[in-house]
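The values are calculated or read from the model by the stated rules, or taken from the named source; none is laboratory data. Everything numeric here is computed off the predicted structure, so don't read it as measured data. Because the Cβ atoms are built from the backbone with ideal geometry, glycine has one as well, and the counts that use them run over all protein chains shown. Note: areas computed on protein heavy atoms with side chains; ligands, DNA, RNA excluded. Shrake-Rupley method; radii C 1.70, N 1.55, O 1.52, S 1.80 Å.
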Amino acid sequence: MQVKMSAAEKPIKLLGVNPHFRHNGFHHYTEQYDINTEHTGLVVRRGAPFRLDFRFDNDIDDYDLLTVHLAAEDYGAEHLKFQWKVKESPRKFLLDDTNSAPIQIFRVIQKADKRTVTVIFYSRVNAVVSKYNITGVSVWRSRNEYFSTEINFPIYLIFNPFHEDDLVYMTKEDERQEYVLQDEGRVYFGSSRKIGSRPWYFAQFENPVLSCALLLLAKSSLKWENWGDPVLVARTLSAMVNNVDDDGLLVGNWSGNYSGGVAPTEWKGSLRIIEEYFRTQTPVQFGQCWVFSGCMTSLARSLGIPCRSVTNFDSAHDTDANLTVDNYFDDSYMPITDRNSDSVWNFHVWNDLWMRRPDLAENGEFDGWQAIDATPQETSEDIYQTGPCSLNAIKRGLVNLQFDGKFVFAEVNACIKHWAIGKDGSRKEIFSDPRKVGQSISTKAVGSDERQDVTHQYKYNEGTPEEEEAFKCAESQLNVAACDRTNDAAKERYIRLSLNAPNTCLFGSNLDIGLEMRNQSKQVVQLQYTATVTIKKYNGHIMGTVKQEKDSLNIRAGATKTMKLSVAAEDYVKDCGTEEFGFEIVAVLTDADGRKQVSQSIIHVTRPDVLIELTGELKQNKDFRLNCSFMNPLPINLTGCAFSVDGPGLRGQLADYPVSDLAPGQTAKCSLTLNPARAGQRKFVVSFNSAELKGAYCEQPVVVVPDPGSENGGLLEADIRP
C-alpha cells in the first residue's frame, strides 16, 4: 500500500471490494462462468453497466475524487502492456487518461455509512475485449493530496450479443440462448445417406476456457486494439485453434498413427483439450475437423460471439480453385492416388459465427452467419485460416469478398468429374455430377437436439436458375473456364445399374452388397463390370481395397442380373478401429461400344454402444454412481482398454478409468463415483476406448437437482482484501 498525505490528514485505506457477483452476473448473462461462481474475477459484457462496492476505513465525501487504476493483462508481452487511471469526474483535474480507458466510471454513489461507495462502471459497445485488472484505488483530496491502496481484481470484458449496438448482436432470444449460452451440443457425421450425430460438451463457462481464448489472442499476431473487432477475432481464432503456424491449440492428424496423443475419435468435448493446452501451452495431440469445430464453438461462445458447429456432407476440397473435384482412375477403375489432390469428404465440420459485416457493405446485406474453418486445409494470406466468409455472399457466388469465399463456395458447390487415364496418358471424362457436393448441411436446432438443415442458407436449390446464376458468378469472379455441369447421375440409361447396400455397417460386422443390372432395352447386351469396395476415411483418403470383382456377362432384354459382394469383419477391423471411415462402393459398367456407366455409394461405419446405468439421486454437489459396461463384438482382442466420462460440472473428474483387456465376446465393467457441480438438464457421455477401437460411447440425459446451499448472495467484502 502506498499512501501520500498531509500532516493534518488521516490516511484513507480501502478495506474491501464487493463485486456483486450475482447481480452483475444476472444482468450480463454471465452468472454461469466459473470465474464468477468461484469468485476469482468478474465476467461482464461490453456496452452494459456493472457495479462494484468499495469500503474504506474513513468517511468519503462529495469533494473527494475516486480514481481506479486499470491495466490490461499483458501475458508477459511488452506490446500488451496498457494502463489507465479512471477518474469519476475527469473534469476535476486536467491531463488525465480517463477518456481513453476501455472501462470508465459512470457514477459514484455514496452509501449511508459514508465509508462505502457504489461505483457504476461502463464500457463502450466497441471496447476491446480483454482481461483487465483493477490494480489500485486512490482517493484524491486535491491535485497533490491522495491516498492509494493496491489491489488486484480481474475483470473479463467480453462481446455482448444482447446489446443492439454490438456487432455480434442477435435479435432473437431463443437463438441467443442456443448459440451463446448453451454449453452442450451435437456434431453431425456419417454420410448424406445416413446422418449420425454425437454429443459434444462445449464447456464455455468452465475454467479455463475464457482464459484460454484470451491467451490464444495474446499469442497471435492480432494487435490488441483489434481484439474488439469480431471479424478479426474470428479470423484469428480460426488460425489459433490449429497449431500449424503459431503453436495454437490443437495438432491435426489424419495419418492413423496417434501414438503420443489422443486419437480424434476419443474426444467428446472441448474441456480436456483446453485444460491441457492452458496448463502446458503446448499444442494438444490430436484433432480432426469435428474436434477443431467443437473447440472453436467453445472459445467463441466463451468470448460472447454467437457460434454454431456446422457439418457439410459430401464436402469438396478443391485444391486448384477451378470449382471442380477431379478424380482420376486407371483402366481398371482404380483411383490413381498420386494424381487425386482434390477430394470429396464424406462430411466436414466447420463453424458459423454471427456478426455484422460493415467492412463488406454498409447496408447489412452480408451481415449474419459467417463461415469459419479452423481445420488446417489451405493457407489464406500465408496462414492456415479460413473466414469469416458471409453465407449471403457464398449463396450468391460472390467469392471475392473477404475472406476465403472461393474455398468455401467450392466446398458446397463444386462439380465432381471422373476421368479415365489411358495407358498412353490420354484423359477421357467418364462421369460428371454437379449436384452431389454440399448435401444436408446440418447443425443442432435451436432449443432441441433435433437436426436442422441449413443448406438453403448456403446455396439455392440444385438445378434452379438462381443456383446456376450463382455458379456462373463464381466462375466469372475466379476467371476459370466454364464448367460443363452435365448431370450423368440423372441420365436415362438402357441399363439400370443399382447398388443395394445398407446405409450403415456396425463395426465388427460382415457386410453384404448387391449389384443389380437391369436391361431396359429390347435386345441382348454385352457388358463388362467392375465392382470395388474400398475403405475410405471421412476426409476422402483411401485406406485400402477390401474387395474387387470383374466379369463379363450377357443380359437378355428386360432381364436383371444380380451380383453379390461380401466383406468379412476380419478384412478390415485390424486397421480401421481408430478412424472415422466408411466403405465406398464403386461399380462401373462398360458396354460393347465402350460407353461407361458409374454408380457410387458410401456406407458409414458406426461404433458399438456402451451401456450405462445411474444409481442414486442426482443432486448438485452430491456423489452418485455411474455403472458402465462394454462387450467386445470384434473377432480380435482389445488391449489398453479404458472408460472415460464427459459432462457439465465434472470438475477434476474428466479422467480415464482403465479396465482389463477384452477377448472377443467378453464384457468390461466399471463403476464411477461422480459429483456434478452444475444443476439442471444435463448429459453425461461415457466412452470406451482401446488400442484397436476408439470412440464407442453412450450418452445419458439427466436432471441434476439444484443444491440450495450452492447459491451465494455475492462475495462478502472481507473475502477480497487489498
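A few comments on the model shown:
- Packing, taken as the mean count of other beta carbons within 10 Å per residue, orders the peptides 599-606, 296-303, 257-264, 516-523 from highest to lowest as 296-303, 599-606, 257-264, 516-523.
- Converting phi to 3J(HN,Hα) with the Karplus coefficients 6.51, -1.76 and 1.60 and the offset θ = phi - 60°, the stretch 151-157 yields 9, 8, 10, x, 10, 9, 9 Hz in sequence order, with x at every glycine or proline.
- Carbon/sulfur fraction of accessible area - the stretch 489-606, other protein chains in place, 1.4 Å, %: 40 percent
- Amide H within-cut-off set for Val187, under 5 Å, with H built and near neighbours excluded: Arg198, Trp200
- Helix axis angle, 230-240 relative to the chain longest principal axis, alpha carbon, degrees: 60 degrees
- Computed from the alpha carbon atoms alone, the convex hull of the stretch 173-478 holds 143 Å³ per residue.
- Lys pairs, the stretch 173-478 - Cα-Cα below 19 angstrom, 8 or more residues apart or on other chains: 18
- For the stretch 339-346, the Karplus equation 6.51 cos²θ - 1.76 cosθ + 1.60, evaluated at θ = phi - 60°, returns couplings of 9, 8, 7, 6, 7, 10, 7, 3 Hz by residue, with Gly and Pro reported as x.
- Taken over the stretch 14-158, lysine pairs spaced eight or more positions apart, or on distinct chains, with alpha carbons under 26 Å apart number 9.
- Scattering from the stretch 611-704 was approximated by placing one identical point on each alpha carbon and applying the Debye formula without solvent; log10 I(q)/I(0) at 0.14, 0.17, 0.19, 0.23 1/Å stands at -0.50, -0.69, -0.83, -1.10.
- Probe 1.4 Å - accessible area at Trp345, Å² to nearest ten: 20 Å²
- Principal-axis tilt of helix 271-280 within the chain, Cα atoms, nearest 10 degrees: 60 degrees
- For the stretch 267-312, the share of accessible area belonging to carbon and sulfur comes to 41 percent (1.4 Å probe, ligands and nucleic acids excluded).
- Under 5 Å from the amide H of Asn243 lie the amide H atoms of Gly248, Leu250, Gly252, each residue being 5 or more positions distant or on a separate chain, with H modelled from the backbone and absent for Pro and chain starts.
- Among 410-417, 192-199, 486-493, the peptide with the highest mean count of other Cβ atoms within 10 Å heads the list, and the full ranking is 410-417, 192-199, 486-493.
- Vicinal HN-Hα couplings computed from phi for the stretch 64-80 (Karplus, 6.51 cos²θ - 1.76 cosθ + 1.60; Hz; Gly/Pro x): 7, 10, 8, 10, 10, 8, 10, 9, 6, 4, 9, 6, x, 10, 4, 6, 9
- Entry note, the chain: the mean residue ellipticity at 222 nm calculated from DSSP H runs of n ≥ 4, each adding -39500 (n - 2.57), is -3500 deg cm²/dmol after division by the residues and rounding to the nearest 500.
- Short-range pairs are left out: with C-alpha atoms under 8 Å and at least six residues apart, the relative contact order of the stretch 489-606 is 33 percent.
- Per residue, the average separation of C-alpha pairs within less than 8 Å and at least 6 apart gives the chain a relative contact order of 10 percent.
- Rounded percent of accessible protein surface that carbon and sulfur make up, the stretch 14-158, 1.4 Å probe: 48 percent
- Efficiency of FRET from Cβ geometry, Arg427 and Leu553, R₀ 41 Å, rounded to 0.05: 0.90
- For Ala696, nonlocal amide neighbours, meaning residues 5 or more places apart or on other chains whose placed amide H falls under 5 Å from its own, are Phe688.
- Relative to the longest principal axis of the Cα atoms of the chain, helix 465-478 runs at roughly 80 degrees.
- Stokes-Einstein D for the chain, Kirkwood Rh over Cα pairs, 25 °C, 0.890 mPa s (µm²/s): 86 µm²/s
- A 1.4 Å probe run over the chain, with the rest of the protein chains in place, finds 41 Å² accessible per residue.
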